[in-house]
Amino acid sequence: MLFRNILIKYYSPEDVGGAPPAAAEQQPGNEPPSGQQPTTPPVQPSTLDGGGEQPPASPQKFPDNWRDEFAGDDAKYRKQLERYASPAALAKAYRELQSKVSSGELKNNKLPDKPTDEELSTWRKENGVPEKADDYINDLPSGVVLGEDDKPRVKSFLDAMHAENAPKGLVQKAIEWNQKQIEEDAQQRYEANANLREQTEESLRAEWGGEYKRNINLVNGLIATLPDEARDAFANATTADGTAIFNNPDVVRWMVDMARKVNPVGTVVPGATNISAVDTEIESIEKVMRENRSAYNKDTKMQERYLQLLEAKERLQLLEEKERFSA
């Protein structure tokens, strides 16, 4: 009954205090059934229609410039306040910080400027700093091995870190990284020298042909004449970047030239340092020439060897004469 009365009032032929509304235009075929009035559903309220009158604004709890008010002239603190959306968020963060301090989760780790021995010992225990510098390398991570050559350098590093009260875990991480880096650098130098050795040998073999082995023996023979304490140092010398000097083909060529000048005998008798070795081999060939000339005449290699020995003997004699005149 109530719904019926509302409809009657809504579709009343005239408004209160006004004229009757104009008759709605009807399209043919859309007439309402006989005895019924046309109905139009009311428009439902929506947030998209603007809503009519706006409700009064809620009073603001904090002013828009609350960060400026809190920070004052402290620009750094003003920048920090940008992290918080409101004073309520700032208060919440402060409460959480106080809770951590109260529970012992956060501690004041600042060491006094002039601590007593007891204060220093206590602080170190609480912050993972060993009592002695050497204790840093106790229980090193697996795979970290310090060689004898490494120990003086590492000892200096440990002393410096202990003076700064560096935590043990941090120092061990640094040692681990350093040792691995040393190993990687050594491996890279080895691989680089292996490649250079192959390239140098290939280049010199192409240049010297069948005399490659003899020339290398000349260099080794010359190095063998050095004093014991200098021999290994010279043979294993490297440049600043770790390249072995004998992986440089120019160095090897120069050494061969020096060997021929310093020890002509070595050019034909590897390892020999005086003329007696040449004389011995010359005498052996000349004996074949006397006793079996036909065999000598057929052996071209023996003939070539005989000429090499004579040339080496001549060069050595000239060198001895030069030294005698220079004295």
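Numbers below:
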item	result
Single condition Asn193 does not satisfy, out of (1) under 21 Å from Arg260 (Cα atoms); (2) surrounded by 13 or more Cβ atoms within 10 Å (Cβ to Cβ)	(1)
Search result, residues across segment 193-213 that are of a type in the set (Ser, Thr, Tyr) and modelled with pLDDT under 95	Tyr212
Conditions (1) touching a strand residue (DSSP E or B) at 6+ places or on another chain (Cβ under 6 Å); (2) free of Cβ contacts under 8 Å to residues at least 40 places away in the same chain; number of the one not met by Ala244	(2)
Residue that is nearest to Ile182 (Cα to Cα) [pool: residues in segment 194-248 that are in a helix (DSSP H, G or I) and of a type in the set (Val, Ile, Thr)]	Ile245
The one condition in (1) assigned by TED's automatic domain parsing to the domain that holds Glu176; (2) surrounded by 11 or more Cβ atoms within 10 Å (Cβ to Cβ); (3) of a type in the set (D, E, K, R) that Asp139 fails to fulfil	(2)
Any chance Asp149 is part of a helix (DSSP H, G or I), within 28 Å of Lys180 (Cα to Cα) and charged (D, E, K, R)	no
Pair list, Cβ < 6 Å and 6+ apart or interchain, from segment 168-189 residues that are in the same structural domain as Lys155 (by TED's automatic domain parsing) and under 30 Å from Trp123 (Cα atoms) to residues that are assigned to a helix (DSSP H, G or I) and of a type in the set (A, V, I, L, M, F, W, C)	Val171/Met161
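Condition check ((1) over 30 Å from Gln187 (Cβ atoms); (2) in contact with a Gly (Cβ under 8 Å, 6 or more places away or on another chain); (3) at pLDDT 85 or above; (4) of a type in the set (S, T, N, Q)) across all residues:
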{"site": "Thr239", "(1), (2), (3), (4)": "no, no, yes, yes"}
{"site": "Gly271", "(1), (2), (3), (4)": "yes, yes, no, no"}
{"site": "Ala295", "(1), (2), (3), (4)": "yes, no, yes, no"}
{"site": "Glu314", "(1), (2), (3), (4)": "yes, no, no, no"}
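The values are calculated or read from the model by the stated rules, or taken from the named source; none is laboratory data. Note that the structure is a prediction, hence the values are computed from the model and not measured. Counting neighbours? That spans all protein chains shown, and the Cβs are built from the backbone with ideal geometry, glycine included.
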